[in-house]
Amino acid sequence: MKTVYHKADSRGHADHGWLNSYHTFSFANYQNPERTHFGVLRVLNDDTVSQGMGFGTHPHRDMEIISIPLEGDLEHKDSMGTTAVIKKGEIQVMSAGTGVMHSEYNKNKDEAVKFLQIWVFPKEMGVEPRYDQKSIKEGEKINGFQQILSPSKNDDGVWIHQDAWFNLANFTKGNGKNYIFNKKGNGVYAFVLKGSAKVGDRILNERDGLGIWDTQSFNIEAIGDTEILLMEVPMELPSYLK
């Protein structure tokens with residue numbers, strides 16, 4: 001088993017007033033050559049958007065973009081004609097593909113929005129842009145793994161153009177489970193949303209991250225009531241990036 005540990009306070013940080021963002025991997029003005037990606041996981045931003053503020057219309061292409069609200073509501077608009085609001089208990093995916101314009105705003109006047117912005121390199125370039133969002137039925141599987149993303153249109157959660165599986169792991173104190181990889185050659189990046197747990201041989205606290213690869217499985221044991229996002233992704237970059 002190989003691992004890479006990212007302590008919460010080692011992340012990049014940008015405070016723009018309306019946006020407070022922590023970057024696990026290099027992003028915008030935070031550039032760390034040792035933290036550019038984990039396999040095909042390119043961006044993991046922990047964002048807080050102030051009341052009435054947001055990201056103006058901007059372009060994306062050839063990226064799978066996933067948003068997971070942690071608090072509050074976020075309005076999404078894009079050039080495909082989509083207008084939608086995502087909130088805690090839901091997951092949103094946008095395949096940028098050949099190109100898409102979109103904006104994201106916190107329309108609430110009395111509370112900030114907190115959400116994870118995640119980018120994954122797709123298997124191939126030039127796919128048709130698409131949008132989807134689904135309820136992730138928060139807390140449905142206590143002391144287990146709740147799949148919220150996969151490569152399959154017919155599987156639980158949303159799907160993306162990559163051999164990736166995301167799970168939410170909710171454990172009460174003292175409970176745990178063994179995670180078994182879905183595909184050989186994949187790694188898992190574990191990101192603690194709340195609480196603390198022993199993941200593999202490492203103790204992780206809130207907003208700590210741990211990448212794990214070159215193994216078939218690893219164990220999670222909750223030290224307190226804990227919620228962890230597990231992002232299983234291919235470790236080998238697609239051929240168009242080599």
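Taking a sphere under 15 Å around the Cβ of A222 and counting the other residues whose Cβ falls inside, with K and R at +1 and D and E at -1, yields a net charge of +1. Straight-line cross-link reach from K183 at under 20 Å between alpha-carbon atoms covers these lysines, not counting any fewer than eight positions away in the same chain: K2, K123, K153. Ranking M125, M53 by solvent-accessible area of protein heavy atoms (1.4 Å probe, all protein chains present), from largest to smallest, gives M125, M53.
Quick one: accessible area per residue over region 2-237, 1.4 Å probe, rounded to a whole number of Å²? List each step's numbers first, then the result.
Details: 10480 Å² over 236 residues.
Accessible surface, normalised per residue, equals 44 Å².
Summary of the geometry: region 1-48 and region 181-201, compared by the centres of their Cα atoms, lie 17 Å apart.
Give, as a single signed number, the net charge of other residues whose beta carbon lies under 14 Å from the beta carbon of A197, with Lys and Arg counted +1 and Asp and Glu -1. It would help to have the intermediate numbers written out before the result.
Details: positive: K173, K177, K194, K198, R202, R207; negative: D201, E206, D208, E221, D225, E227.
Taking every other residue near A197 into account, the sum is 0.
In summary, the lysines within cross-link reach of K109, defined as a Cα separation below 23 angstrom excluding same-chain residues under 8 places away, comprise K77, K87, K88. Per the Debye calculation on the chain with a single equal scatterer at every Cα and no solvent contribution, log₁₀ I(q)/I(0) for q = 0.07, 0.08, 0.15 Å⁻¹ amounts to -0.21, -0.28, -1.07. Dipole check for region 2-237: with +1 at the C-beta of Lys and Arg, -1 at the C-beta of Asp and Glu, and the Cα centre as origin, the magnitude is about 260 Debye. Count Lys and Arg as plus one, Asp and Glu as minus one, and take only other residues whose Cβ is under 14 Å from that of A8; the net charge is then +2.
Considering only protein heavy atoms and a probe of 1.4 Å, how much of the accessible area of the chain is carbon and sulfur, as a whole percent? For the chain, the apolar C and S fraction of the accessible surface comes to 45 percent.
The values are calculated or read from the model by the stated rules, or taken from the named source; none is laboratory data. Because the structure is predicted, anything quoted here is derived from the model rather than measured. With ideal geometry, Cβ positions are generated from the backbone for all residues, glycine too; neighbour counts draw on all protein chains shown. Note: accessible area is taken over every heavy atom of the protein model, side chains too, but ligands, DNA and RNA are not part of it. Shrake-Rupley method; radii C 1.70, N 1.55, O 1.52, S 1.80 Å.
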